[in-house]
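Worksheet: the structure to be examined is printed underneath.
Each reported figure results from applying straightforward, stated rules to the coordinates on display, with no laboratory input. Please read all numbers here as calculations on a predicted model, not as lab measurements. Here Cβ is always computed from backbone atoms with ideal geometry, including for glycine, and neighbour counts include all displayed protein chains.
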Amino acid sequence: MLTIAPPDLPELRANATFEALMWALARPGDSREMPEAGLAAIIDTLVDLECSVFADEPGLRAHAAATAALVTDDVGSADHVFLTSLEGAETQLERLRCGSALYPDDGATLVAMVQHGRGQRVRLSGPGVDGTVALTLAVSPAFWAMRAILCAYPEGFDMLLVDGRSVIGIPRSTQVEVL
Amino acid sequence: MSLASLTKPWAATSYGFLDASAKRELRRKMLKAISVPGCQMPYASREVPMARGWGTGGLQVTLTLVNPNSSVKVIDQGADDGVNAASIRRFISRVSGASETWDTLAASIVQSRHRVPEEVMGEDQVLVLQVPNPEPLRGVEPNISVARQMHADADYGKLWLTLYEQIVRKGRIMQGAAYPSMVNGRHVMTPSPIPRWDVPKLNMARHLTFLSAGREKRLFAVPPFTRVEPLVFSDRPYRVEDHADLTCRRSNVSGFFMNELPIDGGGSAFEVSDSNLGIKAIRQAEGAPAEIGKTWYRNGEFSA
């Protein structure tokens, strides 16, 4: 006889958050709703003692440390990077891990708070996009230029852009054209 | 930080059988698999109460995705009622509280061994394929480190050579299942042992596909709207099995992938491989309500 554990709240929250992240990356440019706003739920969903984390805010660093992940001050050694703002982060993010052609999965996951629907207009194409899709994100052209240099497919990093409860994913396989 | 803050209260089992750390690892790898379509991502592959090689990879992906609102369909060679499929489906629903279904249109997760359903899968559906051998280069390069380097270099010449040799020796490409296919123009994957008939269903599909090999500890993915191109020569077009003219002896549907059944005295009878499609057709013929969705193949021709 199986003893079936009912899903507890952290489990349901992580499951729903992951579903949003998964579909966000599977359909770049498409906005998905997470069960709660902010980056903390994403840390709980993805990060544990096998990860190294960089975060630009003390609260997030403490939250990541509580999962037993290695919290680092060096962007280049983190596999998960959590930023509350992308503004002026280009020089810091130049050291972001991009994996190698042998192990593309070593590329970092960049999770950042970015306003959707205002700022720079971009056009996305690639896997997950039916043709092209245009959207507006508060991400500077300088950042996209840096991303284009770093993401030499299959090397690169994958982005999850969070605005409140909404998340938009831009994997390394997506071509971003600044309009 | 104390030890107590890092642990949870004791529980006899975890929801969905896998423990939280196993799920987090799978989630991380599934996101990376989506980001690099067709590229094999290593993962730990935990123990599940089933022997490796019987669908443990697919089961782990399904158990990570499943929640009490999910509706799960499991098929084995197209059939929902095979022992392996029925056992996996019952296990998933027992440990997760998800509902079971045989209907492709009603399922949120379709776990499958060796077939893709004939009805077109929609944009909120996930197809989880169980993969025995995830390495398309295994036949030409047994050393997995060398094979990894070949993937890194996009060095797939030996696969083309295999296909060429088949044409020279037999006059046609003999590769029946697990036909090597280029994903997103970069990585060649094996689409698991689905027949050639099913490979076009993955190309520019609306659904998300995960392919997971539990024994080999690797998973890869095909996101929606991703190019999946079978390796072919420009003067030898890709051919699916000649099943377009066959008719199912029980449901009378034709133009779908069939199981060939030897009959007494020689010859063969045919039954539609996607068993629930056959069941729906029989119900319709008997006047019962049964909705057959749009199918990938119409009149035996692929037309998505």
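What the table below lists for this structure:
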quantity: Two-site FRET efficiency, A:Asp73 against B:Arg52, from Cβ-Cβ distance with R₀ of 60 Å, rounded to 0.05; calculated: 0.90
quantity: Residue among A:Val53, A:Ala5, A:Pro154 farthest towards the positive dipole end of chain A, charges placed on Cβ; calculated: A:Pro154
quantity: Net charge contributed by nearby residues that have their C-beta within less than 9 Å of B:Arg196 (K/R +1, D/E -1); calculated: -1
quantity: Alpha carbon centroid spacing (whole Å) that separates region A:1-79 from region A:101-179; calculated: 19 Å
quantity: Region A:9-178: radius of gyration and largest Cα-Cα distance (Dmax), Å; calculated: 14.8, 42
quantity: Loop sites in region B:273-303: GluC sites (Glu not before Pro), DSSP, at most 12 other Cβ within 10 Å; calculated: B:Glu286, B:Glu291
quantity: Relative contact order (percent, whole number), chain B, Cα cutoff 8 Å, 6+ residue spacing; calculated: 19 percent
quantity: Residues B:Lys32, B:Lys8, sorted so that the one with the fewest Cβ neighbours within 10 Å comes first; calculated: B:Lys8, B:Lys32
quantity: Peptide-level mean, for B:21-28, of C-beta atoms on other protein chains within 10 Å; calculated: 6
quantity: Reach of B:Lys73 by Cα under 21 Å, taken over lysines that are not fewer than 8 positions away in the same chain; calculated: B:Lys23, B:Lys201, B:Lys280, B:Lys294
quantity: Proximal charge balance of B:Gly300 [Cβ under 10 Å; K/R count +1, D/E count -1]; calculated: -2
quantity: Segment B:Thr13-B:Asp124, extension gain: residue separation times 0.36 nm, minus the distance between their alpha carbons; calculated: 37.0 nm
quantity: Enclosed volume per residue, in Å³, of the convex hull spanned by Cα atoms of the protein assembly as shown; calculated: 164 Å³
quantity: Sites A:Thr136 and A:Arg95, calculated FRET efficiency, Cβ-Cβ separation with R0 30 Å, nearest 0.05; calculated: 0.60
